[in-house]
Every structure is written in C-alpha cells, then in structure tokens.
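One structure below.
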Number of protein chains: 2
Amino acid sequence: MSVTAAKGFTAAGIAAGIKENGNPDLALVVNDGPRRAAAAVFTSNRVKAAPVLWSEQVVRSGQVSAVVLNSGGANACTGPQGFQDTHATAEKAAEVLGRGAVEIAVCSTGLIGVLLPMDKVLAGIGTAAAQLSEHGGEKAALAIKTTDTVHKTSVVTRDGWTVGGMAKGAGMLAPGLATMLVVLTTDADLDGDALDGALRAATRVTFDRVDSDGCMSTNDTVLLLASGASGIAPGLAEFAEAVRQVCDDLGRQLIGDAEGASKDIKVEVVNAATEDDAVEVGRSIARNNLLKCALHGEDPNWGRVLSAIGTTRAAFEPDRLNVAINGVRVCKNGSVGEDRELVDMRYREVHIVADLSAGTETATIWTNDLTADYVHENSAYSS
Amino acid sequence: MSVTAAKGFTAAGIAAGIKENGNPDLALVVNDGPRRAAAAVFTSNRVKAAPVLWSEQVVRSGQVSAVVLNSGGANACTGPQGFQDTHATAEKAAEVLGRGAVEIAVCSTGLIGVLLPMDKVLAGIGTAAAQLSEHGGEKAALAIKTTDTVHKTSVVTRDGWTVGGMAKGAGMLAPGLATMLVVLTTDADLDGDALDGALRAATRVTFDRVDSDGCMSTNDTVLLLASGASGIAPGLAEFAEAVRQVCDDLGRQLIGDAEGASKDIKVEVVNAATEDDAVEVGRSIARNNLLKCALHGEDPNWGRVLSAIGTTRAAFEPDRLNVAINGVRVCKNGSVGEDRELVDMRYREVHIVADLSAGTETATIWTNDLTADYVHENSAYSS
C-alpha cells in the first residue's frame, strides 16, 4: 500500500549502509506515468537543507519522475559539498532510471551538519532501482524512519482513483509549511496546478497544525505525485478532500509516535475573531512547556493555558476566557470554573477547548506532552 | 542585607500558613522615608494576576510606602474575588502601618487559579508588621520562595548610597517586561521619574534577557523603592549602572536556580543588523527544546542552533552564519567547522556565540538546559 497503492507507481526501500546500525535507510519512489505531474511544499525554515534547495528547483517545472529519500543524515548545513552530493544523488537516479536529473526530487533526514557517505548512497540507488516493485510502498516507508518507532502510511480510495502516502517524523516536529518527509501519490489524471491547489489546502489545515515540540526542521518536504494511470480526472473539490484526509491521517500518526510522548493533545481554539488568531493561540498553548509537563503528570492545570493565551496578540478579554479540559469547564470567564478534580486524565488523548469569546473562527493544533523520555531521547545521543 | 541594605527600609518574613508545609510565605518591605518614591515594571502577559492589576494603579502615583508579598498562591485568574482579596490585603497593611492603602503594592506568587486563604494572609500581615526590622531583608527574601532552592539577594554600595534587592523565580521564567517578583530598594535621594528611567533601562538588558523555559508569568513584578535616607542624589548614569548591576546579579541567580537545570547557557548573538534581531535570534535559540536537551547531554549540537536561527525574521544569509560553543567554532559559513569533539562541555556554564555576519549589534540571552528533573518538577504536582 502506501505510495504504491495508486496505479502507476513503483517503490523500493533498502539498507544502503548510511545508518551504522544496518537498518533500512534509502527509499526510491518512481512515477511510471503516463503523467508525471507534481506539487510540493517545503519547510519555511530559512536554513534549508541541500535536498530542499534542490527539490524546490525540481518541482518548479511541475514534473517529477522519481524521489530518492534517505534517512541517516539530513545533509543540512553542509555547504557547497552538501549541495553537490544532492546533485550527484539525482544524477545517479536519473542514470539508472533513464530519466533526466531535473525530474528527480531528493529528500534527506537525520543529523544536521554531517556529510553523507556518498559511496553508499550512490551504490544504494542502484540496488534500490533493481528492487522497484508495485508492492514496494511498505518497504519505502520503513526506509525513511529515523527515531520513528513505526512507519506511517495512509490510503484513500474513491471511485476508480486513489491517493496514498507515507510519512516519517517524530522529533523537530513543528512544520512551518510542511512536515518532515511525506510522499503522496495518486493515479488521478490531474495537472501540477490542480495538485498544487489541493496539496496547499490540505497541508495548511493538517501538517501545519501539528506542533509536537515547537522545533522547525531544516528538511521538511511534502511531495504529491500524479501518474494519471487511472485515466480518471476527479473534481477538484473531491480530490482535495481525499488529499486532506490522507494528510490528516498521516499528521495524526506523526503525533501518535512523537518522541517520548505519553499524551496526544488536541488543542481546539473556538470563538476566535480570526482563523489566524485561533492558530496563534493554539500554537502558544501547544508550545507551553509547563502545560505540557502538567498534562504529562495528568494535572489539568488550566492556569498554564491562560498564561499561554496571555502571551499572544489575539483578540480577547481576559475575563471572558473559558477553558474546558476533557469536557470539564475548569475555567469560566477567566476565573475558577468547575472542579479540576472532575477531569478524567487517564487516557492518552487529551482534549483542550480554549474559548476566546471573541468571534466565530476556530482552529485545532495537535501536540504532545513533554516527558523525561523526550529529554532522554534528545540528550543521550546526537540526532 | 537584601532590601534592608539601603537606609530607610525595614522588612520582615514570616510563615503565615498560606503554604501547607509551614514554610515562610509572607513578606513585608516598608519604606520609612523621608522619600517614598517608586517605579515598577510588570509582566507583559495580557492575563495579569490581581496583585499586578492593583500594583499598576499604586505605582502610577509614583509613591509606594510598603510592599506585601506572598508565596503559596499567585492570585491569578481568580476573578473579581481575587481583586477584592488583593485590595483587602493592601487595606490591612495600610491599617497596621498607618499609611494609605493606595500606597501599598502587593505581589503574589504560586499556583494560578486558586483563591488565597485570606484569614491567614490578613493575620500574617499583623504578625509581619510586628517583626519589621532593619535586618529583616534576609527573612523577607526567604518568605517569597516557591520552587526556588535558594533565596536571591544582591547589594551594590557606592559613595554614601546603596542599591539592594531580592528576587524569587525558578520556573515560568521568560519575562516579557520584568521577571517574577523582585523588590529593589535604595536610599538614594531620587524622584519617581529618575527611578523609572533607571529601572526600565536596567530590566531591558537583564531580566528581559533571562529566558529559562519560554513561559511568561501572569505575576511578574519588579519594584524599585527609594527612601532618600542617604541624603545623596547620585548622577543618573551612575545610579542607573548600579541598578543594572543589581538586576544583572539577581537575573543570573534566577538562571542558576532554574527548575531542574544542570546547565546555565549564555547565548550571545553578535554581528546582528539590529539589537532587536539579536534579541529575537537569542530568544529563538534559548527556547529550542531540542538544543536544550542536547546541551543537557553535553552534546554541542550546533545544527539545532542553526535550525533555531532559521525560524526568525532577523537579517542573515544562511551561508554566512558562524557558531562557536565554548570557544570552538563548530560552524563556519553555515556549514561544518571545527571538530565538535573539541568542545569541552563538562562545566555548568555553556557559552554559545551565534555570529549573524549581518551588522554590528549584539545581545545576550541567558537560559537553561531542559532536563528530566524539569519535567518531573512540573508534572509531579501542581505549581
């Protein structure tokens, strides 16, 4: 399934030896057409990895034949040599696939500031190309994992056409425009503009509203490739909704596997004056370390929600704020509400509703708690 | 010493029973004149505690006779009743001290969203007033502690006049304008405008540049009281420098005692286009949880510094960024620099220099690492 659920795609995932532990670390996704339309969104971090700079150029043509993805190294902050390495990766894939290098997107993930072992990457591309298969989606999804404990795939099938995808991401997970590495494929018969519209609409309300640890990556990439192999051109609204569903599902899987997390926290901001206000407030709550610690300790500490709201520029009056945690309205009119002892915090999912009483707009941000395991995972070794 | 180092001040600190564990929790600082000039800065959090709303009014007159401070409860998000409680606190202090309530500032710290036990607060004010002493500064500093492991005081003495102070703060420590509770006293013979100028200049480059955990409090207050008891009116520049030194020393003590921290991290941003750019970049680095975890693990992970810089709006080119950690230039021109193995990370203080190569401005932000102890302290019980 995964990226090979849609007709017209093959994929492979192999262990090229980039990771010292021998785990799978190189994936190849190939669009066999007849179309080779594509769209993409990339990190808004101004420090961009070499593969992001390269793939931005590739996608500008609206035509992508294949994607090479590696884990085991982000190839970020690696200077001119890093960019040459990405270029060489695309050239190698172009050679073995018989395509042009300008149609090969490249994605990398792993430690920042380290050059890739290019001999292993280039040899791995040959090995992967030899294993390309219509059933290779699962292996490709496995090969892009870093600190992920599970691989993430999603498929939506409609009347004769399909959108599928894979994602990786567990830390440095606070996308500004996209999140980590995601490849989506479809056999719908649509051009690059249609893909671009659907992809931007979907990521804006899904990956862009996942904020696990407030740390924006240098490598975030979401690619959407269309083969047209179904011969069906769905309506744009229907297609966009299918893409949104796959993105939403993958985003939810990213949160569910975030580093060290024991709680998945849905921060729903309601009655905001504008959608931007709702997103700003949601993100401020989602990034409050003290609140994230409290929720880890199963303490519905709504004071920390209010102190986070108070740091934003959103329209609200402090004495009209309401907060519900898991259905209990613990804060009414900016002050003490129902008894916090009534809040049942035993489950993994926590639902916070912050009511700004300032309008009718809403937005939902997904985040995680902050745990000793997160600290351990990010302090015990370089990642 | 502390707030009673300057002539013209008495203070007391007692256990009023606000804290369930019986620790000191109520302090009184009284200005015996002849002057009763004052200035203050308060949190820029828009959700402000009742004592902040009250004290803002008091300080507007430029005249403060006394300050009542309590730990064991922040009296924040407590609605009209909370404000009435602060008012009653000031009225009680006015009564026992023979002053007007409009000259009594009030500061509270502790859990948000809980009403104070007012019977204990009011009785405690009487007890504290009976124990006022020229040597009471130390006890006052002890009574305002919450999760602080040590009390914080500082004194600078010049030719015939003195600036002294006390501070509390260990978590929710990312001031927008001031930090946590700080009372500064001086016997210099200066009016409210002179105090205000010196205090704002000092806090802008000291407390405002302390950012332990990115969480801005609802109760931050810094008060500066002048008794004029020395009979000396120092030059404003000299006075401002003395106030800055005391603020700098107290701010450094706050970082040194931050919840769960094992590293004090000095983030120095140099060669920025503007001071605002330098502060924005410094704060972005200081708030990056992944970097804070890495430094806890004694890993000089400069990639996380660059990814944090990349999220700001500051002027810079990615390929002109340089980063030194403890004197080793681990990142040159946005890419791999000297060997990260050369960085000695054994000591509590870590010094990061981020060179934007974009101008001549500089700023320093102090922060801490992120540790499992921080998570434990903020998840195991409500604070």
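The values are calculated or read from the model by the stated rules, or taken from the named source; none is laboratory data. Just so it is clear, the model here is predicted, and its values are computed rather than measured. Cβ atoms come from the backbone with ideal geometry, glycine included; neighbour counts cover every protein chain shown. The accessibility values were calculated without ligands, DNA or RNA, using every heavy atom of the protein model including side chains. Shrake-Rupley method; radii C 1.70, N 1.55, O 1.52, S 1.80 Å.
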### Antiparallel content of DSSP bridges confined to region A:109-242, in %, to 5
65 percent
### Task
Put a label point 7 Å from Cα along the Cβ direction on residue A:276, then list its distances to the equivalent points in the other copies in nm, shortest first.
1.6
### Query
Say a paramagnetic label sat at a point 7 Å from the Cα of residue A:44, along Cα to Cβ; which residues of region A:273-299 have their backbone N under 19 Å from it?
A:273-288
#### Entry: Dipole magnitude of the protein assembly as shown about its Cα centre (Cβ charges: Lys, Arg +1; Asp, Glu -1), debye to nearest 20
40 debye
### Task
For residue B:266, list the lysines whose Cα falls under 27 Å from its own Cα; do not include residues on the same chain fewer than 8 positions away.
A:48, A:292, B:145, B:152, B:168, B:292, B:332
#### Entry: Per-residue [θ]222 nm for chain B (sum of -39500 (n - 2.57) over DSSP H runs n ≥ 4, rounded to 500)
-9500 deg cm²/dmol
### Query
Setting aside same-chain residues fewer than 8 positions from residue A:120, which aspartates and glutamates have a Cα under 16 Å from its Cα?
A:20, A:25, A:85, A:91
### Message
Taking beta carbons within 10 Å but only from partner chains, what does the mean come to for residues B:72-83?
### Response
4
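Using a 10 Å cut-off on Cβ atoms, rank the peptides A:301-309, A:148-156 from the highest mean neighbour count down.
Highest mean packing first, the order is A:301-309, A:148-156.
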## Note on the structure
Rounded to whole angstrom, the alpha-carbon centroid of region A:92-133 lies from that of region A:304-329 at a distance of 48 Å
### Message
Can you say what percent of the DSSP beta bridges in region A:2-256, counting only those with both residues inside, are antiparallel? Round to 5.
### Response
75 percent
### Task
List the equivalent ellipsoid semi-axes of region A:264-379 in whole Å, largest first, each obtained as the square root of 5λ for an eigenvalue λ of the Cα gyration tensor.
23, 17, 11
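Can you pull the semi-axes for region A:1-125, root of five times each eigenvalue of the Cα gyration tensor, sorted largest first, whole Å?
Numbers: eigenvalues 94, 61, 34 Å².
Over the Cα atoms of region A:1-125, the ellipsoid semi-axes are 22, 18, 13 Å.
Taking a quarter of the surface of the Cα convex hull of the protein assembly as shown, what do you get in nm²?
Working: hull surface 124.9 nm².
Directional mean of the projected Cα hull area for the protein assembly as shown stands at 31.2 nm².
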## Note on the structure
Of the convex hull enclosing the alpha-carbon atoms of chain A, the direction-averaged projected area in nm² is 18.0 nm²
### Query
Computed on protein heavy atoms with a 1.4 Å probe, what is the summed buried accessible area for the chain pair A and B, in Å² to the nearest 100?
4000 Å²
### Task
Starting from the amide H of residue B:229, placed 1.01 Å from N in the peptide plane, find each other amide H under 5 Å away whose residue is 5 or more places distant or on another chain.
B:35
### Query
Considering every residue in A:329-337, what mean count of other chain Cβ atoms within 10 Å of its Cβ is obtained?
4
### Task
Could you run the Karplus curve 6.51 cos²θ - 1.76 cosθ + 1.60 with θ = phi - 60° over region A:26-43 and give me ³J(HN,Hα) per residue in whole Hz, x for Gly and Pro?
9, 10, 10, 10, 10, 9, 8, x, x, 7, 9, 6, 7, 9, 7, 10, 10, 3
### Task
Run down the aspartates and glutamates and flag those whose C-alpha is under 13 Å from the C-alpha of residue A:92, throwing out any fewer than 8 positions away in its chain.
A:103, A:119
## Note on the structure
Relative contact order as a percentage, chain B, C-alpha pairs under 8 Å and 6+ apart, gives 18 percent
### Task
Quick one: which residues, 5+ away or cross-chain, put their amide H under 5 Å from the amide H of residue B:8? H built at 1.01 Å from N.
none
### Query
At residue B:158, label 7 Å along Cα→Cβ: distances to the other copies, nm, ascending?
7.4
### Query
If you take every DSSP beta bridge whose two residues both sit in region A:264-379, what share of them, in percent to the nearest 5, is antiparallel?
70 percent
### Alpha-carbon centroid distance for the pair region B:340-375 / region B:219-254, whole angstrom
28 Å
#### Entry: Protection proxy ranking of B:321-333, B:337-349 - average other beta-carbon atoms within 10 Å, highest first
B:321-333, B:337-349
### Message
Taking amide H atoms as placed 1.01 Å from N in the peptide plane, list the residues 5 or more away in sequence, or in a different chain, whose amide H sits under 5 Å from that of residue B:26.
### Response
B:14, B:16, B:71
### Task
Rounded to whole Hz and in sequence order, give me ³J(HN,Hα) for region B:51-60 from the Karplus expression 6.51 cos²θ - 1.76 cosθ + 1.60, θ = phi - 60°, writing x for Gly and Pro.
x, 5, 4, 5, 5, 4, 5, 4, 5, 4
### Query
Hey, what do the phi angles of region B:327-343 turn into as Karplus ³J(HN,Hα) couplings, whole Hz, using 6.51/-1.76/1.60 and θ = phi - 60°, x for Gly and Pro?
x, 9, 7, 6, 10, 10, 6, x, 9, 4, x, 5, 4, 5, 5, 6, 6
